[in-house]
1. Testing Phe69 on (1) of a type in the set (A, V, I, L, M, F, W, C); (2) in contact with a Phe, Trp or Tyr (Cβ under 8 Å, 6 or more places away or on another chain); (3) within 18 Å of Glu129 (Cβ to Cβ), one condition comes back false. Which one is that?
2. Would you point out the residue of the stretch 70-107, among those that are over 14 Å from the mean Cα position of the chain (by Cα) and of a type in the set (A, V, I, L, M), that is nearest to Pro136 (Cα to Cα)?
3. For the stretch 79-90, does any single residue satisfy the condition of being on the phi < 0 side of the Ramachandran plot, in a loop (DSSP other than H, G, I, E, B) and out of contact with any helix residue (DSSP H, G or I) (no Cβ under 9 Å at 6 or more places or on another chain)?
4. Take the stretch 105-129 and flag every residue that is assigned to a loop (DSSP other than H, G, I, E, B) and either loosely packed, with under 15 Cβ neighbours inside 10 Å or among the basic types (Lys, Arg) (or both).
5. Given (1) in contact (Cβ under 8 Å) with a residue 60 or more places away in the chain; (2) not in a strand (DSSP E or B), identify the lone condition not met by Glu15.
6. If we scan the stretch 46-69, do we find a residue that is part of a loop (DSSP other than H, G, I, E, B), free of Cβ contacts under 8 Å to residues at least 24 places away in the same chain and within 16 Å of Asp137 (Cβ to Cβ)?
7. Taking Asp31 and the conditions (1) surrounded by fewer than 19 Cβ atoms within 10 Å (Cβ to Cβ); (2) assigned to a helix (DSSP H, G or I), which numbered condition does it fall short on, given that it satisfies the others?
8. Starting from the stretch 73-94, keep only residues that are touching a residue at least 60 places away in the same chain (Cβ under 8 Å) and surrounded by 19 or more Cβ atoms within 10 Å (Cβ to Cβ), then list their pairs with residues that are assigned to a loop (DSSP other than H, G, I, E, B) and of a type outside the set (Asp, Glu) whose Cβ atoms are within a distance under 9 Å, requiring at least 6 positions of separation or different chains.
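The values are calculated or read from the model by the stated rules, or taken from the named source; none is laboratory data. Keep in mind the model is a prediction, meaning the values are calculated, not measured. All Cβ positions, glycine included, derive from the backbone under ideal geometry; neighbour counts span all protein chains shown.
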Amino acid sequence: MGADTPDHVVLLDEEGAPAGTAPRATVHTRDTPLHLGFSCYLFRPDGELLLTRRALSKRTWPGVWTNSFCGHPREGEALQDAVRRHARHELGMDLDTVDVVLPDFRYRAVDAGGVVENEVCPVFFASSEADPEPHPDEIMDLRWVRIEDVEVLVDVAPWILSPWSVAQVPELRGSRGTSETWPEPLR
């Protein structure tokens with residue numbers, strides 16, 4: 001898919017099956033239709049996780065800390081390819097590995113301005129040895145952190161993080177409630 005590919009999202013029916021497309025700029029409103037997205041948690045070789053702070057120009061959750069990056073696949077684009085495309089666009093990075101860890105994650109959230117996010121949002125772990133070069137229209141800040149630090153944020157200050165990260169971390173944490181149950185990032 002080239003740069004001239006339309007920027008759209010894949011709409012989904014209530015069962016999660018594709019139901020058409022819509023321009024991305026038109027779907028994030030107070031009545032956002034269910035659509036396909038993804039979230040990615042990026043690890044470097046020492047096991048630290050990249051957290052990013054969304055640019056203030058972002059339409060939803062501007063200035064909020066979140067997982068490494070998120071996005072939407074285009075029609076006919078494999079999710080792993082979309083993850084790699086967004087890593088290059090948002091972080092200026094090529095990924096070494098990309099693996100789905102929560103294939104059926106779904107959430108709905110409303111930001112302070114009333115904009116709704118309504119997604120089936122598979123969650124990926126990725127790894128890279130490259131240094132991020134964030135795109136300023138996407139990311140205003142970033143930090144490499146320990147998984148345990150993210151778990152503490154979710155538990156004591158969830159308002160600092162995106163609602164999808166707050167919902168994903170307990171699922172990634174596992175049933176025993178410890179970081180030992182996070183799926184291993186492939187390095």
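1. (2)
2. Met93
3. First, pick out the residues of the stretch 79-90 that are on the phi < 0 side of the Ramachandran plot: 79-90.
This time we only want the ones that are in a loop (DSSP other than H, G, I, E, B), so: none.
Checked the stretch 79-90: no residue is on the phi < 0 side of the Ramachandran plot, in a loop (DSSP other than H, G, I, E, B) and out of contact with any helix residue (DSSP H, G or I) (no Cβ under 9 Å at 6 or more places or on another chain).
4. So in the stretch 105-129, the residues assigned to a loop (DSSP other than H, G, I, E, B) come out as 105, 111-115, 121-122, 128-129.
Across the stretch 105-129, the qualifying residues are Ala112, Gly113, Gly114, Glu129.
5. So Glu15 meets the others, but not (1).
6. Of the residues in the stretch 46-69, the ones part of a loop (DSSP other than H, G, I, E, B) are 46-48, 55-64, 67-68.
Next, from what is left, pick out any that are free of Cβ contacts under 8 Å to residues at least 24 places away in the same chain: 46, 62.
Next, only the ones that are within 16 Å of Asp137 (Cβ to Cβ) stay: 62.
Yes, that holds for at least one residue.
7. Asp31 satisfies every listed condition except (2).
8. Sorted first by the residue in the stretch 73-94, then by its partner, the pairs are Pro73/Gly37; Arg74/Met1; Arg74/Thr5; Arg74/Pro6.
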